[in-house]
Amino acid sequence: MSTARAEAQRRDRRAKAILGGWELARGHTVLDHLARGASLSPESLPGTGSWAVVNGRGLITPNRARDGDPGEWAWVFAHLLLHLGLGHLDDDRLADVEFDDGYGAACCVAVHRFAEAVHVGTPVVDVPELPGTDELALTRAWQETGVPAPFAQLGVGGPGSCLRLPPPLSRWQLQYHGKGEPWTERFARGLIASATEAMERAADARGQTRRRRAMGEWDRALSWFVSSFPLLGAVAAGFTLVVDADVVRAWDIAVAAVDAEHGEIHVNAAAALTAEEWRFVLAHEMLHAALRHDRRALGRDPYLWNVACDYVINGWLVGMGVGELPDGGLHDQQLAGMSAESVYDTLTTDLRRARKLLTLGSREAGDVLGDWLSEPEAAQRRSSKRTSRPVPWADRVQGVDLDEFYRRALTQGLEYHHAQGRGLLPAGLEQEIRALDHPPLPWDAQLARWFDEHVRAELPVRSYARASRRQSASPDIPRPGRVRPERLDSRVTFGVVLDTSGSMNAELLGKALGAIASYALARDVPAARVVFCDAVAYDAGYLAVEDIAGRVKVRGRGGTILQPGVDLLQRAPDFPADGPILIITDAQCDHVRPRREHAYLVPRGVRLPFVARGPVFRVA
């Protein structure tokens, strides 16, 4: 075979791969709406490390000399089309920033956040852990400090950015053709079409249950979120409205209630609400579920916690102008800007008044349903719920867990909201959504960080008493080796006050003591001062850290009074004045007032009976 013929075959194979990738990308509903306004350039992008670039007119220039399969090209085209859909090349956006490599890298970070939801093709770049800030803030930061190395090659344009500025339009083009439909509007229509398809598929899976009953104002309100409110559109697409008079009567639902675990909003059809009020109610219930208020009670009174969350959510929705607050809805301007936890603490100062406040659900359990209810309430709801109706929640989330589904839906909705210029959001709501994208560290990692901060490590020193490991390289020149100090009076330590009352769980003790021992060994702590407490304090003295985990004889099984154990450590002459104290308890204890650095280790889902001044680590 001649060289010319082989080269022609390679060009033909590459061209087919590019066209195949373009068709794969257009197979996705959202990308297809963007691709209708874009086109592939017949020219070839130079460079060996590049794939393709795009300009603000939607002209995509691929590197036709690049070998790639259709799946890789589909991922490249999806990346470039999402740049257009997010408005990264819009004139209004470019007027506020300096167009350089820093801006291009920041835009690629935003695109990669959405790439998880698109799932088209095979990735051609390695994506590191992405920062949570928006592209404009990243641009300003990186233009001052430079683009970090892990984020310099996130695009598909090779060494440079995959974004290009188009040539300016002539006067004739502006007069007769205009600028065309904005990319963000194409993107919005694609999202609406994709969400509509998802709802239709879910309806088919449910046996057409929604089509067999008449459409109500609540159905139209839910459809409005999918089509016209991007912040909650993805969340709304994952929910089912349940209109069942028997369930409403059994559960005493006044207006509506949400079951986040099953993706259902139970609606009372007898509630006389307008279309705007139904929008408010559904947005209220979806935010309850998406922000996982059913999991954040942590031992608080369920109904008062529900009321506190209602005040916060209603304040956000009133400020955003989403629908209209129904008559009797909980709203207090004095609570604006407060978190649900702070509102709860405020409500507990007047329990008699707080108990009279009404949610959209029942007076006993509120409008947030789930396993956090008391066992009698949960049993009643399980017995009254119709078990014949299928719950296709697992199919709708497509293999991801519940928390991941809500996190993706809200964080992507937030990006869509900003990309389409839908207006400002309450700071508290945006902060909570941003926090979902950065879940808190597990308890053992938080405990390790606390050890790093408050239990200082003995730094090694140089000593000629021990030869350096490099001594053999220069036998005629003595070199000191690194040794740790051997003075016992300067070794670091910490105190442990251990609740040994009868209510303590053996599993909690095992996890907590094991974690303490492992971190102490890592910090080169030879021994820790341990005090056991129930009704009185038992001083166990200094124990080797390896003994803490398994060979400690726990004493005492009476009541729980921890203050004597803390006082014992604070007054002990052989305990360092700067030694921190770790208090391990099941939270069924009296008020503790340490006067030095301290932290608490408690089981997950419980609250201390007082306001802790030190960090609280919850053992999962």
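Quick note: the coordinates plus some simple rules give every number you see, no bench work behind them. This is a predicted model, so every value here is computed, not measured. In this analysis, Cβ positions are derived from the backbone assuming ideal geometry, glycine residues included, and neighbour counts consider all displayed protein chains.
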When the Cα centres of the range 1-75 and the range 274-289 are compared, how far apart do they sit, in Å?
-> 45
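Return the percentage of antiparallel bridges among DSSP beta bridges fully within the range 492-619, rounded to the nearest 5 %.
If I count the DSSP bridges inside the range 492-619, around 30 percent turn out antiparallel.
First check a/c for the range 3-180, with a ≥ b ≥ c the square roots of the eigenvalues of its C-alpha gyration tensor; if it is under 1.5, answer rounded, and if not, answer prolate when a/b is larger than b/c or oblate otherwise.
Because a/c hits 1.5 or more and a/b fails to exceed b/c, the range 3-180 counts as oblate.
Compute, for the range 3-180, the length of the dipole vector about the Cα centre, with Cβ point charges of +1 (Lys, Arg) and -1 (Asp, Glu) only. Units Debye, rounded to 20.
900
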Full extension between Ala65 and Glu276 adds, at 0.36 nm per residue less the Cα distance, a length in nm of 70.4 nm
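Which length gain, in nm to one decimal place, applies between Ala572 and Ala506 when the Cα-Cα distance is subtracted from 0.36 nm times their residue separation?
Numbers: separation 66, 0.36 × 66 = 23.76 nm, distance 2.85 nm.
Extra length from Ala572 to Ala506 when fully extended: 20.9 nm.
To the nearest 20 Debye, how big is the dipole of the range 492-619 about its Cα centre, given +1 on the beta carbon of each Lys and Arg and -1 on that of each Asp and Glu? Mind showing how you got there, number by number?
Numbers: 15 positive and 13 negative charges, 56 e Å.
It works out to roughly 280 debye.
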Please label the shape of the range 492-619 as rounded, prolate or oblate, based on the square roots a ≥ b ≥ c of the eigenvalues of the alpha-carbon gyration tensor (a/c under 1.5 means rounded; beyond that, a/b larger than b/c means prolate, else oblate).
-> rounded
In what sequence do Tyr600, Tyr542 fall when counting other Cβ within 10 Å, fewest first?
-> Tyr542, Tyr600
Taking the dipole about the Cα centre of the range 492-619, with the C-beta of Lys and Arg at +1 and of Asp and Glu at -1, give me whichever of Ala537, Pro594, Gln570 is farthest to the positive side.
-> Pro594
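Could you line up His33, His454, His284 from fewest to most neighbouring Cβ atoms inside 10 Å?
Details: His33 23, His454 20, His284 28.
Sorted ascending by nearby Cβ count, the order is His454, His33, His284.
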Given charges at Cβ of Lys, Arg, Asp, Glu: the range 210-336 dipole, positive-most of Phe225, Ala245, Gly299 = Phe225
Förster radius 56 Å - calculated FRET efficiency between Ser339 and Glu23, Cβ distance, rounded to 0.05 = 0.70
Ordered by fewest other Cβ atoms within 10 Å, a rough proxy for footprinting exposure, Ile477, Ile60 read Ile477, Ile60
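Pop the C-beta distance of Ala149 and Ala269 into the FRET formula with R0 = 51 Å and round what comes out to the nearest 0.05.
On the way: r = 59 Å, r/R0 = 1.15.
Result of the calculation: an efficiency of 0.30.
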Cα-projected label distance for Arg613 with Thr346, points at 7 Å along beta-carbon direction, nm = 2.6
Round to the nearest 0.05 the FRET efficiency obtained for Lys16 and Glu404 when R0 = 45 Å and r is the Cβ-Cβ distance.
-> 0.75
